[in-house]
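The values are calculated or read from the model by the stated rules, or taken from the named source; none is laboratory data. Just so it is clear, the structure is predicted and the values come from calculations on it, not from any experiment. Note: ideal-geometry Cβ built from the backbone for every residue, glycine included; neighbour counts use all protein chains shown. Keep in mind that these areas ignore ligands, DNA and RNA; they rest on the heavy atoms of the full protein, side chains included. Shrake-Rupley method; radii C 1.70, N 1.55, O 1.52, S 1.80 Å.
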Amino acid sequence: PVEITPDDPLAKGLADATKDYPTVQATVTNGVVTLTGELKRSELPNLMKSINSLKPKKVEQKLTLK
């Protein structure tokens, strides 16, 4: 079975995962993480790795990449 993290711990983990990216906003709704804001293209893989390690149901990447 797939383990899905409840929203509250997921939101706390997201705050930690995005703390080094001040131009990125992350929200959680029903286990789905939505990323908005701006990010350097070279930083995206590290950010996605951090977020995926939190086991969200899905990640909606709506970032503007520079």
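Kindly indicate whether Lys66 is under 12 Å from the mean Cα position of the chain (by Cα) and either of a type in the set (Gly, Ala, Ser) or open to solvent by 70 Å² or more (accessible area, probe 1.4 Å) (or both). In short, no.
Mind checking whether some residue in the range 38-48 is assigned to a loop (DSSP other than H, G, I, E, B), surrounded by 14 or more Cβ atoms within 10 Å (Cβ to Cβ) and either touching a residue at least 24 places away in the same chain (Cβ under 8 Å) or at negative phi (or both)? No, there is no match, as no residue in the range 38-48 is assigned to a loop (DSSP other than H, G, I, E, B), surrounded by 14 or more Cβ atoms within 10 Å (Cβ to Cβ) and either touching a residue at least 24 places away in the same chain (Cβ under 8 Å) or at negative phi (or both).
Residue-wise test of (1) of a type in the set (Phe, Trp, Tyr); (2) open to solvent by 30 Å² or more (accessible area, probe 1.4 Å); (3) in contact with a Ser or Thr (Cβ under 7 Å, 6 or more places away or on another chain); (4) part of a helix (DSSP H, G or I).
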{"position": "Val2", "(1), (2), (3), (4)": "no, yes, no, no"}
{"position": "Ala17", "(1), (2), (3), (4)": "no, no, yes, yes"}
{"position": "Val28", "(1), (2), (3), (4)": "no, yes, no, no"}
{"position": "Thr36", "(1), (2), (3), (4)": "no, yes, no, no"}
{"position": "Ser50", "(1), (2), (3), (4)": "no, yes, no, yes"}
{"position": "Leu54", "(1), (2), (3), (4)": "no, yes, yes, no"}
{"position": "Glu60", "(1), (2), (3), (4)": "no, yes, yes, no"}
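Lys12 meets each of the listed conditions (1) touching a residue at least 12 places away in the same chain (Cβ under 8 Å); (2) open to solvent by 50 Å² or more (accessible area, probe 1.4 Å); (3) of a type outside the set (S, T, N, Q); (4) part of a helix (DSSP H, G or I) apart from (1).
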